[in-house]
Amino acid sequence: MGVTFTGTMGHRLVIDARGGRILEYSLSGENALSVTGQFVQQGSTLWVAPQSSWTPTWPPPVAHDEAPYSYVIEGTDAVFTGTPALGVAITKRIGMTDGGIVSLQYSLIASAPVAWAPWEVSRMAPSLCFFGPGTETNTYVYNPSSTPLQPVQSDGIAWVTFAPGTTGFQELLTDSVGWAGCATGPSGLLLLKQFPNISANAFAPGNGDLKLWWDNGNFIELEPIGPYSQIQANQPVTYDVTWSLTRLGADVAVTSQSPSLAAVITSLLP
């Protein structure tokens with residue numbers, strides 16, 4: 001069971017009660033999210049950072065990731081509430097406009113003081129990714145077995161391509177100015193996320209405010225990370241993310257440093 005939203009422009013959003021997980025964000029029947037592999041690898045969810053403080057560090061807590069969330073409809077939003085793990089319960093307020101803009105407000109709720117950062121994790125098929133580069137860089141790679149990704153900057157955009165045929169993991173932990181996305185081509189989809197721009201002193205230990213992850217060519221993860229803070233008992237900490245999904249025209253080149261793609265991205269930003 002779960003909740004489905006439909007828009008007037010052909011968008012569809014499907015949230016599964018299991019984990020409060022988004023399994024579909026589609027346009028004209030084409031899903032921008034990956035739903036292959038095990039459930040832990042599917043769709044979009046919320047974890048807490050840093051992963052190095054999880055016990056154990058893998059897999060994510062069942063209460064956050066796979067256990068059923070209760071949910072209610074409040075106005076035009078669906079509100080999903082999970083049970084506690086690692087000292088916090090997660091609430092997800094999710095809505096979609098008729099035009100397909102998705103609003104997500106995540107809340108971390110503690111029963112006793114604990115320090116975490118909200119961490120959105122969305123899986124997609126391998127594609128070209130990009131983000132607004134910040135000035136506070138962070139090159140730490142959490143998993144020493146992964147290969148650091150090297151973005152290329154042009155037109156105020158950092159472009160990230162993933163090498164096909166690799167047998168390991170590739171990873172980037174970095175600073176952004178509050179937006180990131182991925183695009184498939186030709187004539188594919190552009191998924192754009194907008195989220196709070198945070199300073200380096202609010203990064204979770206060993207993190208930036210954006211993570212990109214490549215899993216053996218099977219899927220990619222686009223992961224905004226919110227501010228790391230002390231969460232007081234019964235004083236929820238919230239983190240807001242907005243998604244949009246746009247169909248790219250045949251005249252848009254989905255390649256790194258593409259002027260036509262840069263123009264589309266820029267047109268979608270505030």
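Please treat every number below as a calculation from the coordinates, not as lab data. Not measured: the values here are computed from a predicted model. For neighbour counting, all protein chains shown are included, and Cβ atoms are generated from backbone atoms with ideal geometry for every residue, glycine included.
Descriptive notes on the structure:
- Meeting the requirement of 1 or more residues that are touching a His at 6+ places or on another chain (Cβ under 6 Å), the strands (runs of 3 or more DSSP E) wholly within the stretch 64-129 are 88-96.
- Test set (1) of a type in the set (A, V, I, L, M); (2) closer than 30 Å to residue 230 by Cβ; (3) surrounded by 18 or more Cβ atoms within 10 Å (Cβ to Cβ) - residue 33 fails condition number: (2)
- Only residues that are over 14 Å from residue 119 (Cα atoms) and either basic (Lys, Arg) or assigned to a strand (DSSP E or B) (or both) were counted across the stretch 166-177, and they come to 6.
- If you go through the stretch 2-52 and keep only what is in contact with an Asp or Glu (Cβ under 8 Å, 6 or more places away or on another chain), part of a loop (DSSP other than H, G, I, E, B) and among the hydrophobic types (A, V, I, L, M, F, W, C), you end up with 9, 33, 35.
- Screening residue 104 with (1) among the hydrophobic types (A, V, I, L, M, F, W, C); (2) within 14 Å of the chain's Cα centre (by Cα); (3) farther than 14 Å from residue 15 by Cβ gives one miss only, at (3).
- Checking 123, 93 one by one, the residue that is touching a helix residue (DSSP H, G or I) at 6+ places or on another chain (Cβ under 9 Å), of a type outside the set (A, V, I, L, M) and on the phi < 0 side of the Ramachandran plot is 123 and no other.
- Residue within the stretch 179-193 that is assigned to a loop (DSSP other than H, G, I, E, B) and free of Cβ contacts under 8 Å to residues at least 60 places away in the same chain present: no
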